[in-house]
Every structure is written in structure tokens, then in C-alpha cells.
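J.: Questions regarding the structure given below will be posed in turn.
The values are calculated or read from the model by the stated rules, or taken from the named source; none is laboratory data. What you see is a predicted model; the values in this text were computed from it and never measured. Here Cβ is always computed from backbone atoms with ideal geometry, including for glycine, and neighbour counts include all displayed protein chains.
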Amino acid sequence: MEKEKINRESFSGTLAVFFATLGSAVGLGNIWKFPYVVGKNGGAAFILVYLICVAFVGIPVMVSEFYIGRKTHKNVMGALKELTPNPLWKTIGVFGILTAYFIMFYYSCVAGWVYSYIFKALKGDFTNVTADSASTLFGKTVVGPWPPLVWQFIAMAVVSLILIKGVEKGIERVTKTLIPVLFVLIIVCGIRALTLPGASEGLKFLFKVDFSQITPGAILAAMGLAFFKLSLGMGTMVTYGSYFTKDTNLISTSAKVAVADTIVSLLAGIAIFPTVFSFGMKPEAGPGLLFMTIPLVFSKLPFGNILLVAFFFLTAIAATTAMISIVEVLIAYFTEEKGFKRSSAVIINAIIILLMGSLATLSADKASVLGNLSVFFGKGFFDTFDFISSNILMPIGGLLIALFVGYIVKKQSLINELSNNENLKNIGLITTFKYVLMGITPILLIIVFLSSLNIIKF
Ligand code: TRP
């Protein structure tokens, strides 16, 4: 049985470890990002590449982050300082901080949309919804300019209050009960979606692989999505690892979290794509995909409107807990390394995030105020923040982590930590892990980079 007592140094047991880690992994990434990125990149073939990235890059990097965290019991910066004098590896920490900002700039914007959808559903804006009205309503929601900025502010205010009050532990308990409810709602949604007329097209899109869809850009996107989904490459999992107990099995926890997270993403896909095809919408609709399809599925269910409110409410909670885990990286750095008071650290970071994040909000749609402004290879602010964090900073952070744990860390130290001082009889598995980490993980990452820069071609 799990104990309720969770203290600063460690989580209380195996199940608590699993749920806490899953709580960071599951967020808008599964429900909002995964479906729209899959939609933009052609479906099944992209998912296949994604799964390869999760298996050969995601899981090894997660194990490495857990290793660094539990070995040192410190935040990323402190942990690397303790493990090595070489400044090169400190870049991992610096990248972590940068990534946290870049993610938050646009994540807070999308969280704002989710918050606003709870109220739209409550007001009954989705009664008699059609494909057209759903997309018009989404357009209105994001173009603003004021309402989306206000909602983004509200989302950040909630995150900041929780961070200042430090009731994260309470939140953990809430997520533990609510995430399973969200699972159930997504499954209900998926079942209804599958019984819509023309639903099979959606399933084909999700599961029938067409290799011609695989482009270098799609491969980079799949890699970026794997990092984003599993909260990797920026030290979040180092921090989580630092709270694990000495009997946590690091390898099996990583594998379980990756599998559970992937299942949630696929379920979201099963709820969304059959609906897209059934209503004659476009899978490549982009960031609005979730917001345009989910109201349609629920409109076909008894008590649909109440369920819709519940769906957005639970999604808002998942998004809020994910944001807390991202901003906590910044707060830990400001307080532990720079000597800030916790409340000042939270307020300063909230201001930075809102100032820069408003640029994301004002460029989220073609019709937005800054919708046509290109800041980075034809991308606007919103896409740039996403691209730089997921597709550049996190994979580079992941590459450095893999190289560090694969080549610099002593094999015996790795064995001790991953076998819990030889309590687990998993030496074979650890050896395999080390080879994957030294060979396959960095090579795949480097190939993905080079191909996306067009330096190598398939
Ligand atoms: N994984 C979360 C999601 O899917 C987002 C997230 C939370 C994250 N913490 C992170 C991403 C740390 C990168 C790093 O929504």
C-alpha cells in the first residue's frame, strides 16, 4: 500500500513515483500537441518514427536523467557541478533553463485557451455545434487579442499562486485521482468517435503506414515530440529522480512511464482523427485541432455538455500540473543557485513568461495581430518558441545527457545506481542500456539533426 506521507526528500513508494513522473509527462503534449503534430505530418508513418524515438532515445535519456538525479539528490545545475568539473556538461543545465522559458512562452498561451473552453462549455456555446461553428469559435478564441491574453494571464496566475503557496504535494494527490478520470473520459470519447460514420478513415490515418510521408522535417518533429512528451532534455526528470527512493527501479519506471504516456497520446488520437474524417475536417488543421473536434464528439453523447466541461476542466488540470513542473525548474535555479526568495523568483519568472508569452499568443493564428510576422525560417513567434525548445534545445540537451552518462560516468557507478546496489538482478539489462546510450541514442540524434539541416539526405 502506498503511504500518504510524501516529504521533500523522496516520494513515498513505487506507485507514488510512477504517478508523479507520469503526472509530469501527461499534459497538453498528449491531448493537444500529439494529435495536431501527427495530423500535420501525415499520420501512421510519423507515429512509427515517434515510437522508435521513444524506445531508442526517450527511454535511455529518461534513465540517464534519473541516474543523475538520484545519484546526487540535486537540481540539474547542482547535480552536474557535483558530478563533473568540466564546464561543457554544465551546458545541460543552461539549456534546461532556456528550454523551460521557451516552452512556457507558448504552453501558457495554450493553457489559457483550455481554461477559456471550460467557460465556453459552461455557457453552452457548443450546443448545436457544427464543424464550421467549432472552427469559427476557435478562431475567435485565439485571435483576440485581449481575451486570449487575459486567459493566459489567468493560467499563469494560478500556476504562480500554487508555486508560491507550495501546495504542490496537495496537487499531486489531486492529479493522482483526476488523471485516471481524464483517461476514462478520453476512452469514452474515443469509443463514440469510432462509432461515427466514416470513422474508419481516421483509424487508417492513424495506423496505416505510408512511408512516403516520412520527410527529414517529420523525423525531427517526431524526435522533438518524444522529448516534449516525456519531459526530457531539460532536467525535469533529473529533479524527479532526485526525489526517488533507493529502491525505485529506474529502468522499469522509465519504460512504464513511456508506455503509459504513449497510450494516452494514442487514445487522444483515436478520439480525434475519426471525428476529423467523419466531419470532413482537415487533419493538418494545426494547433486548433483538439478545440475544433472534441466539442463535436461530445455533442454526439448523452450529457455531452457536462462531459465537455469535465473534459476541459481535467485537461486544464493536466496542463497546470505540467506547467508547475516546468516553472519549478526555473524557481529551483533562482532560489538555490541565485539566492532569490521563493515568492520573488515566482513573480519575476511569471512576468518574464507573460511578456514573452504574449508574443506567442499574438501570433498563434494567421489572423492574429502578429500572425504574419516571421521571426525564424518563416515561423512566427508561437511556432518558433515551440520549434526551438522541442526540436533544438531539448534534443541537444538529451544528446549531452546521453554522452555524459554513456561515456563520462564510470560503469561501476552506473551499475550500482541502476541495480540499486545489486539488489536488482539486472546487470544484462544495464549493459544493454549502456551500449544503446553510447551508440544508438547519440547516432540517431545526430542523424536526425544532420538530415533536418539537409546535410545528409535519405
Ligand atoms: N510532458 C508534458 C506534456 O506532455 C510537458 C512537460 C512537463 C515538459 N514538464 C516538462 C516538457 C519538462 C519538457 C520538459 O505536456
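J.: Residue check: is residue 368 outside any helix (DSSP H, G or I) and surrounded by 21 or more Cβ atoms within 10 Å (Cβ to Cβ)? Walk me through how you get there before you give the answer.
T.: Numbers: outside any helix (DSSP H, G or I): yes; surrounded by 21 or more Cβ atoms within 10 Å (Cβ to Cβ): yes.
So residue 368 passes the test.
J.: Which residues, counting only those in region 374-395, are touching a Ser or Thr at 6+ places or on another chain (Cβ under 6 Å) and either charged (D, E, K, R) or within 19 Å of residue 288 (Cβ to Cβ) (or both)?
T.: 380, 381, 382, listed by residue number.
J.: On the given criteria, is residue 277 within 16 Å of the ligand (Cβ to nearest atom), among the aromatic types (Phe, Trp, Tyr), in a helix (DSSP H, G or I) and modelled with pLDDT of 90 or more?
T.: Values: within 16 Å of the ligand (Cβ to nearest atom): no; among the aromatic types (Phe, Trp, Tyr): yes; in a helix (DSSP H, G or I): yes; modelled with pLDDT of 90 or more: yes.
No; evaluated as a whole, the condition is false for this residue.
J.: Hey, among the residues in region 422-437 that are free of Cβ contacts under 8 Å to residues at least 40 places away in the same chain and assigned to a helix (DSSP H, G or I), which one's surrounded by the fewest Cβ atoms within 10 Å (Cβ to Cβ)?
T.: In this case the residue turns out to be 428.
J.: Let me ask something additional. Checking residue 328 against (1) away from the ligand (no atom under 16 Å from the Cβ); (2) in contact with an Asp or Glu (Cβ under 9 Å, 6 or more places away or on another chain); (3) of a type in the set (D, E, K, R), which single condition isn't satisfied?
T.: Every condition holds for residue 328 apart from (1).
J.: Answer with yes or no whether residue 194 is surrounded by fewer than 22 Cβ atoms within 10 Å (Cβ to Cβ) and at pLDDT 90 or above.
T.: yes
J.: Among the residues of region 293-310, is there at least one that is under 26 Å from residue 159 (Cβ atoms), of a type outside the set (Asp, Glu), at pLDDT 90 or above and within 14 Å of the ligand (Cβ to nearest atom)?
T.: Within region 293-310, none of the residues are under 26 Å from residue 159 (Cβ atoms), of a type outside the set (Asp, Glu), at pLDDT 90 or above and within 14 Å of the ligand (Cβ to nearest atom).
J.: Let me ask you something else. When you look at residue 255, is it closer than 16 Å to residue 231 by Cα, modelled with pLDDT of 95 or more and surrounded by fewer than 20 Cβ atoms within 10 Å (Cβ to Cβ), yes or no?
T.: Details: closer than 16 Å to residue 231 by Cα: yes; modelled with pLDDT of 95 or more: yes; surrounded by fewer than 20 Cβ atoms within 10 Å (Cβ to Cβ): yes.
Considered against the rule, which asks whether it is closer than 16 Å to residue 231 by Cα, modelled with pLDDT of 95 or more and surrounded by fewer than 20 Cβ atoms within 10 Å (Cβ to Cβ), residue 255 comes out as yes.
J.: I've got another one for you. Look at residue 230 and say whether it is within 14 Å of the ligand (Cβ to nearest atom), touching a residue at least 40 places away in the same chain (Cβ under 8 Å) and closer than 16 Å to residue 52 by Cβ.
T.: Considered against the rule, which asks whether it is within 14 Å of the ligand (Cβ to nearest atom), touching a residue at least 40 places away in the same chain (Cβ under 8 Å) and closer than 16 Å to residue 52 by Cβ, residue 230 comes out as yes.
J.: Of these, 389, 452, 413, 419, which one is away from the ligand (no atom under 16 Å from the Cβ), crowded, with 19+ Cβ neighbours inside 10 Å and hydroxyl-bearing (Ser, Thr, Tyr)?
T.: Every option except 452 fails the conditions.
J.: Hey, could you check region 71-125 for residues that are surrounded by 21 or more Cβ atoms within 10 Å (Cβ to Cβ) and polar (S, T, N, Q) and say which is farthest from residue 135 (Cα to Cα)?
T.: Applying the filter and picking the extreme gives 75.
J.: Within region 180-203, identify whether any single residue is under 29 Å from residue 70 (Cβ atoms), within 16 Å of the ligand (Cβ to nearest atom), in a helix (DSSP H, G or I) and in contact with a helix residue (DSSP H, G or I) (Cβ under 8 Å, 6 or more places away or on another chain), and answer yes or no.
T.: Checked region 180-203: at least one residue is under 29 Å from residue 70 (Cβ atoms), within 16 Å of the ligand (Cβ to nearest atom), in a helix (DSSP H, G or I) and in contact with a helix residue (DSSP H, G or I) (Cβ under 8 Å, 6 or more places away or on another chain).
J.: Would you mind telling me which numbered condition in (1) within 15 Å of the ligand (Cβ to nearest atom); (2) within 19 Å of residue 184 (Cα to Cα) residue 271 fails?
T.: (1)
J.: Of the residues 220, 250, which is over 16 Å from residue 402 (Cα atoms), out of contact with any strand residue (DSSP E or B) (no Cβ under 6 Å at 6 or more places or on another chain) and more than 11 Å from the ligand (Cβ to nearest atom)? Walk me through how you get there before you give the answer.
T.: Working: 250 fails: over 16 Å from residue 402 (Cα atoms).
Criteria check complete, one pass: 220.
J.: What is the number of the single condition among (1) within 15 Å of the ligand (Cβ to nearest atom); (2) within 29 Å of residue 314 (Cα to Cα); (3) modelled with pLDDT under 90 that residue 58 does not meet?
T.: (3)
J.: Checking residue 401 against (1) farther than 22 Å from residue 107 by Cβ; (2) surrounded by 13 or more Cβ atoms within 10 Å (Cβ to Cβ), which test does it fail?
T.: (1)
J.: Another question, if that's okay. Condition test on residue 440, is it assigned to a helix (DSSP H, G or I), at pLDDT 95 or above and within 22 Å of residue 245 (Cα to Cα)?
T.: On the way: assigned to a helix (DSSP H, G or I): yes; at pLDDT 95 or above: yes; within 22 Å of residue 245 (Cα to Cα): no.
No.
J.: So, one more: Evaluate region 333-344: report whether one residue or more is within 16 Å of the ligand (Cβ to nearest atom), over 26 Å from residue 55 (Cβ atoms) and in a helix (DSSP H, G or I). Spell out how you get there, then give the answer.
T.: Step one: of region 333-344, the residues within 16 Å of the ligand (Cβ to nearest atom) are 333.
Adding the requirement that they be over 26 Å from residue 55 (Cβ atoms) leaves 333.
Checking which are in a helix (DSSP H, G or I) leaves us with 333.
Taking every residue of region 333-344 in turn, at least one turns out to be within 16 Å of the ligand (Cβ to nearest atom), over 26 Å from residue 55 (Cβ atoms) and in a helix (DSSP H, G or I).
J.: Only one residue in 354, 314, 373 is more than 15 Å from the ligand (Cβ to nearest atom), assigned to a helix (DSSP H, G or I) and among the hydrophobic types (A, V, I, L, M, F, W, C), so which one is that?
T.: From the options 354, 314, 373, the qualifying one is 354.
J.: In addition: Considering only residues of region 31-46 that are away from the ligand (no atom under 16 Å from the Cβ) and closer than 16 Å to residue 274 by Cβ, which is surrounded by the fewest Cβ atoms within 10 Å (Cβ to Cβ)?
T.: This residue is 44.
J.: Does residue 260 meet the test of being within 13 Å of the ligand (Cβ to nearest atom) and surrounded by fewer than 19 Cβ atoms within 10 Å (Cβ to Cβ)? Let's see the steps before the verdict.
T.: Working: within 13 Å of the ligand (Cβ to nearest atom): yes; surrounded by fewer than 19 Cβ atoms within 10 Å (Cβ to Cβ): yes.
Considered against the rule, which asks whether it is within 13 Å of the ligand (Cβ to nearest atom) and surrounded by fewer than 19 Cβ atoms within 10 Å (Cβ to Cβ), residue 260 comes out as yes.
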